[in-house]
Amino acid sequence: MTTWGRMLAAVLLLGALSACSAVADAVAPPGLRRGVDVPSRPINARPTPLGVPALAPPGEGGYAFLTSHADGTPVTWDACRPVHYVVRPTGEPEGGRALLRWAFAELAKASGLQFVEDGATTEAPDGQRPAFLSERYGDRWAPVLVAWASPSESAMVSDSTLGRAGPIPFGLDSRDDQRYVSGLAVFNAPALAQQLRAGDDNKARAVLLHELGHLVGLGHVQDPYQVMYDTNAYPVAAYRAGDLRGLELLGSGRCYTDY
């Protein structure tokens, strides 16, 4: 049985309770018709990983994964393909695109995963976004959607929620076959714009690093000195030792050639 699902986690303002949430698995399309329900062939598949994760500091712990295989190893993106993303620029704060590109570069350096910006889109954020949208993006897994939104437009952000993000997993016969193939990251545009105008760039950087950490499979931790702490009570604008250990593992996943 094929599993489709999406896991969206949030980073909150100081004083708010954690609201990390998983969106329920959706039913797989019957028959998995190539080119209709899933891509007709693998795209950009290489025989070896595209990058090498940064060597993380020695030690244990300090990280958590959104989901794992039956053997305890994390579900990851395909290390042998680039992760494509598109940006909906509506509401993007001044300086937002440069900040986003910086955060993806930091994530690439830590994980070894390669991120490719495919340009702009008009697609609106939706917590039930499918992994395959051929009518919009062609015969490939849908690129990750990055969107700026206001609480009045999208229930995925609120006055206390700065962002929400997560990957979309896909797999065939067992948990051992799960991998991430698409995803979604939504940022509270008015809140981040206010931070940037006020010169609180580190707070904005912390939000983007946190949400993109979710996008590649990191979960929340209880250590307030890691980026993946569940609120930005102590904004950390650089991945720390625990974050880096988790990202090294998430960037060391296997390669897939089936879809």
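The values are calculated or read from the model by the stated rules, or taken from the named source; none is laboratory data. Quantities reported herein were computed from a predicted structural model and do not represent experimental measurements. Cβ atoms come from the backbone with ideal geometry, glycine included; neighbour counts cover every protein chain shown. Areas reflect the complete protein model, heavy atoms only, side chains present, ligands, DNA and RNA absent. Shrake-Rupley method; radii C 1.70, N 1.55, O 1.52, S 1.80 Å.
Quick notes
- Pairs meeting the criteria (first residue in the stretch 187-198 and free of Cβ contacts under 8 Å to residues at least 60 places away in the same chain, second residue open to solvent by 20 Å² or more (accessible area, probe 1.4 Å) and assigned to a helix (DSSP H, G or I), beta carbons under 7 Å, at least 6 apart or on different chains) are 195/203.
- Residue count for the stretch 78-113, restricted to those that are under 14 Å from the mean Cα position of the chain (by Cα), surrounded by fewer than 20 Cβ atoms within 10 Å (Cβ to Cβ) and part of a loop (DSSP other than H, G, I, E, B): 1.
- Residue within the stretch 46-58 that is open to solvent by less than 70 Å² (accessible area, probe 1.4 Å), modelled with pLDDT under 85, over 19 Å from residue 179 (Cβ atoms) and not hydrophobic (A, V, I, L, M, F, W, C) present: no
- Selection status of residue 166, assigned to a strand (DSSP E or B), more than 30 Å from residue 245 (Cβ to Cβ) and at pLDDT 95 or above: no
- Inside the stretch 116-136, residues that are open to solvent by less than 30 Å² (accessible area, probe 1.4 Å) and free of Cβ contacts under 8 Å to residues at least 60 places away in the same chain make up a count of 4.
- Qualifying residue in the stretch 190-211 (condition: open to solvent by less than 40 Å² (accessible area, probe 1.4 Å), at pLDDT 95 or above and not in a helix (DSSP H, G or I)): no
- Residues in the stretch 137-160 that are open to solvent by less than 10 Å² (accessible area, probe 1.4 Å) and assigned to a strand (DSSP E or B): 144, 145, 146, 147, 148, 149.
- Residue in the stretch 10-27 that is modelled with pLDDT of 95 or more and in contact with a helix residue (DSSP H, G or I) (Cβ under 7 Å, 6 or more places away or on another chain) present: no
- Within the stretch 42-71, the set of residues being within 20 Å of the chain's Cα centre (by Cα) and of a type outside the set (A, V, I, L, M) comprises 44, 49, 51, 53, 62, 63, 65, 67, 68, 69.
- Contact annotation: residue pairs with Cβ atoms under 6 Å, 6 or more positions apart or on different chains, pairing a residue in the stretch 245-259 that is modelled with pLDDT of 95 or more with a partner that is open to solvent by less than 60 Å² (accessible area, probe 1.4 Å) and among the β-branched types (Val, Ile, Thr), are 250/76; 250/216.
- Residue check, residue 50 touching a helix residue (DSSP H, G or I) at 6+ places or on another chain (Cβ under 8 Å) and either closer than 27 Å to residue 190 by Cβ or of a type outside the set (Ser, Thr, Tyr) (or both): no
- Close Cβ contacts (under 8 Å, 6 or more residues apart or on different chains) running from residues in the stretch 37-63 that are under 16 Å from residue 249 (Cα atoms) and in contact (Cβ under 8 Å) with a residue 60 or more places away in the chain to residues that are open to solvent by 50 Å² or more (accessible area, probe 1.4 Å) and basic (Lys, Arg) comprise 54/109; 62/240.
- Checking each residue in the stretch 167-180 for being aliphatic (A, V, I, L, M) and open to solvent by less than 20 Å² (accessible area, probe 1.4 Å) picks out only 168.
- The residues of the stretch 212-241 that are closer than 25 Å to residue 160 by Cβ and not in a loop (DSSP other than H, G, I, E, B), listed by number, are 212, 213, 214, 215, 218, 221, 229, 231.
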